[in-house]
Amino acid sequence: MLPVVQLKGVTHAYLGDREASLAIEDLSLEVEKGEFVSLVGPSGCGKTTLLSIIAGLLKPSLGEVSVSGRLIQGPSPEVGYMLQQDYLFPWRTILDNALLGLELTGNLTAEARQKTVDLLADMGLAGKEKAYPAQLSGGMRQRVALVRTLATNPGLLLLDEPFSALDYQIKLQLEDLVSETLRRRGTTAVLVTHDLSEAIAVSSRVILLQPNPGRIRKIFEVPEEIRSTPPLYARDLQGFAELFHELWKEMELAGREGQ
């Protein structure tokens, strides 16, 4: 079976007026179907650039990017992208916001609409369909943004620090909700986060990037017991703290060497 994500020798440089800045150099990576992979690393390691390349928002300077065996030439409905900001339209109801992706892709059928209503209910938003974004908390708004992304049934979900602006308790609740939802749907996911604890709790693998330019430094396999436990409770398991400190130490080394 083909990997859902395949990067081959990806290099990307940002060109300024007087010089070029190398963000990523010769990076190769595969993500298998159903995996939840996190990208972590010091500032300047190219995490968000890499996510934008996988999403088709940036064309790499060199190398190839494939999703489910097809070369990425631009944005695709097969790839969902969830950002730190929810970007809900304030004049649209919660349901209308959640249906936006289906509208834009021409797939808004009665069946798809009902599935979106059901997904809102799964996210604890039953009865909020006719409300407006200003009437919801930040955590609820992020749930709507997730429903909007999942409603188009993408095979790959990209998450760029979607919980970082939330209160810690809400953040933990959403980690559990998103992790369980993606596992149940069999959705492949790639998360960018600065939170090493979050990365370990939700992932099957944590990929540490080193900066200047961004390259893979080390890949950490998350033990099966941790990856199969809801994120909130995974933090209490034996081996979690040890993996956290190993990852922290390695990231500190990467940051010092990249200066």
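The values are calculated or read from the model by the stated rules, or taken from the named source; none is laboratory data. The model shown is predicted, which means the values in this text are computed figures rather than measured ones. Cβ: placed from backbone, ideal geometry, glycine included. Neighbour counts: every protein chain shown. The area values use the complete protein model at the heavy-atom level, side chains included, leaving out ligands, DNA and RNA. Shrake-Rupley method; radii C 1.70, N 1.55, O 1.52, S 1.80 Å.
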Rotationally averaged projected area of region 141-259 (alpha carbon convex hull; nm²)
7.8 nm²
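Suppose a student asked you for the relative contact order of region 25-152, using Cα pairs under 8 Å spaced at least 6 residues apart; what percent would you report? Each step should come with its number before you reach the end.
Details: 118 pairs, mean separation 31.4, N = 128.
The normalised contact order for region 25-152 reaches 25 percent.
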Under a GNM of the chain (C-alpha, springs under 10 Å), which listed residue has the highest mean-square fluctuation: A241, A23, A55?
A241
Top of K249, K59, K128 by mean-square fluctuation, Gaussian network on the chain, Cα under 10 Å:
K249
Rounded, prolate or oblate: which one fits region 152-216, using the alpha carbon gyration tensor with axes a ≥ b ≥ c (rounded when a/c is under 1.5, else prolate when a/b beats b/c, else oblate)?
oblate
For helix 168-185, what angle does its Cα long axis make with the longest principal axis of the chain, in degrees from 0 to 90 and rounded to 10?
80 degrees
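Taking all protein chains together and a probe of 1.4 Å, list T48, T187 from the most accessible to the least accessible.
Numbers: T48 65, T187 15 Å².
Reading off the accessible areas and sorting them downward yields T48, T187.
I'm checking a number: the convex hull volume of the Cα atoms of region 67-203, normalised per residue, in Å³. What is it? Display every interim value, and only then the final one.
Numbers: hull volume 16.1 nm³, N = 137.
With only Cα atoms used, region 67-203 gives 118 Å³ per residue.
Evaluate the charge dipole of the chain about its Cα centre and quote only its size in Debye, nearest 20, assuming +1 on the Cβ of each Lys and Arg and -1 on the Cβ of each Asp and Glu.
Around 560 debye, computed over the chain.
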To the nearest 500 deg cm²/dmol, what mean residue ellipticity at 222 nm is calculated for the chain from DSSP H runs of n ≥ 4 alone, each contributing -39,500 (n - 2.57), summed and divided by the residues?
-10500 deg cm²/dmol
Dipole-positive endmost among P154, G186, L50 within the chain (Cβ charges, Cα centre)
P154
Ignoring ligands, DNA and RNA, what percent of the accessible area of the chain is carbon or sulfur (1.4 Å)?
51 percent
For a protection proxy built on the mean count of beta-carbon atoms within 10 angstrom, sort 171-183, 75-87 highest first, please.
171-183, 75-87
Using only the alpha-carbon atoms of region 78-122 as identical scatterers, what base-10 log of I(q)/I(0) does the Debye formula give at q = 0.17, 0.18, 0.27 Å⁻¹?
-0.52, -0.59, -1.19
Just G56, G155, G239 to compare: in a GNM of the chain, with alpha carbon springs under 10 Å, which one fluctuates most?
G239
With a Förster radius of 22 Å, plug the Cβ-Cβ distance of S21 and Y87 into 1/(1 + (r/R0)^6) and report the FRET value to the nearest 0.05.
0.20
Just the number: Rg to Rh for the chain, Cα atoms, Kirkwood Rh, two decimals.
0.97
Please quote Rg/Rh for region 114-174 to two decimal places, taking the Kirkwood radius as Rh and restricting both calculations to Cα atoms.
0.96
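Per residue, what accessible area does the chain have, given a 1.4 Å probe and all protein chains present, in Å²? Kindly include the intermediate steps, with their values, before the conclusion.
Numbers: 12740 Å² over 259 residues.
Solvent-accessible surface per residue comes out at 49 Å².
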So which trypsin sites (Lys or Arg not before Pro) in region 17-52 pass both tests, a DSSP loop state and at most 15 other Cβ atoms within 10 Å of the Cβ?
R18, K33
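Stokes-Einstein diffusion coefficient for region 1-105 at 4 °C in a medium of 1.567 mPa s, Rh from the Kirkwood formula over Cα pairs: what value in µm²/s?
On the way: Rh = 15.6 Å.
Once the numbers are plugged in, D ends up at 83 µm²/s.
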Lysine pairs in the chain 8 or more apart or on different chains: how many have alpha carbons under 23 angstrom apart?
15
